[in-house]
Amino acid sequence: MDDLSAKKCVPCNSKDTRPMTEQSANELITQVAGWNLINEGGMLKLKRSWKVKSFMKGLELFKLVADVAEAEGHHPDLHLVGWNNVTIEIWTHAVGGLTENDFILAAKINGLDFHHLLRKKTTAF
């Protein structure tokens, strides 16, 4: 199994590139811990959410993700809802679904060190 985080996103030509099948996506999702495979109106996407410490920490997280996304030339949808709920959705807009690029970007986001921006989970006693 190839390490997705070591790969680079490649430019996709919408004439030649097709979205991957759900079966292929289910095989790759195991390599990007914490991400969910969602189907919105027949279009597959990757989605992950976090709770951050504050609104500004959410923006800091976005900046870290934006730097990786820009370097890869592959840009996710970033959502900051309320003051501390961050959600990232990734799919290849040009093909209307998922490609390997989406999993590569998700793996690279997983490799970022932003735990200091996240709210600590409370444990139940």
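Keeping to the range 42-65, report how many residues are within 18 Å of D102 (Cα to Cα) and out of contact with any Pro (no Cβ under 9 Å at 6 or more places or on another chain). Walk me through it before giving the result.
Here is the first cut: in the range 42-65, the residues within 18 Å of D102 (Cα to Cα) are 42-49, 62, 64-65.
Still in the list and also out of contact with any Pro (no Cβ under 9 Å at 6 or more places or on another chain): 42, 45, 47-49, 62, 64.
Counting residues in the range 42-65 that are within 18 Å of D102 (Cα to Cα) and out of contact with any Pro (no Cβ under 9 Å at 6 or more places or on another chain) gives 7.
Filtering the range 17-41 down to residues that are of a type in the set (V, I, T) and outside any helix (DSSP H, G or I), which residue is farthest from T87 (Cα to Cα)? Even if it seems obvious, please write down each step before you answer.
Looking only at the range 17-41, we keep the residues that are of a type in the set (V, I, T), and these are 17, 21, 29-30, 32, 38.
So of that shortlist, the ones also outside any helix (DSSP H, G or I) come out as 17, 21, 32, 38.
Working: T17: 26, T21: 24, V32: 15, I38: 13 Å.
The qualifying residue farthest from T87 (Cα to Cα) is T17.
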Kindly indicate which of H79, H75 is assigned to a loop (DSSP other than H, G, I, E, B), of a type outside the set (G, A, S) and under 30 Å from R18 (Cα atoms).
H75
Qualifying residue in the range 63-70 (condition: over 21 Å from E27 (Cβ atoms), in contact with a His (Cβ under 9 Å, 6 or more places away or on another chain) and small (G, A, S)):
yes
Subset of the range 34-91 (residues that are hydrophobic (A, V, I, L, M, F, W, C), exposed (fewer than 13 other Cβ atoms within 10 Å of the Cβ) and either out of contact with any helix residue (DSSP H, G or I) (no Cβ under 8 Å at 6 or more places or on another chain) or modelled with pLDDT of 95 or more (or both))
I38, F55, M56, A71, V81
Taking the range 92-114 as the region of interest, how many residues are surrounded by fewer than 17 Cβ atoms within 10 Å (Cβ to Cβ) and assigned to a helix (DSSP H, G or I)?
1
State whether the residues of the range 66-74 include one that is within 20 Å of K120 (Cα to Cα) and touching a residue at least 12 places away in the same chain (Cβ under 8 Å).
no
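The values are calculated or read from the model by the stated rules, or taken from the named source; none is laboratory data. On a predicted model such as this, the values are computed, not experimentally measured, just so you know. No Cβ is skipped: glycine too gets one built from the backbone with ideal geometry, and neighbour counts run over all protein chains shown.
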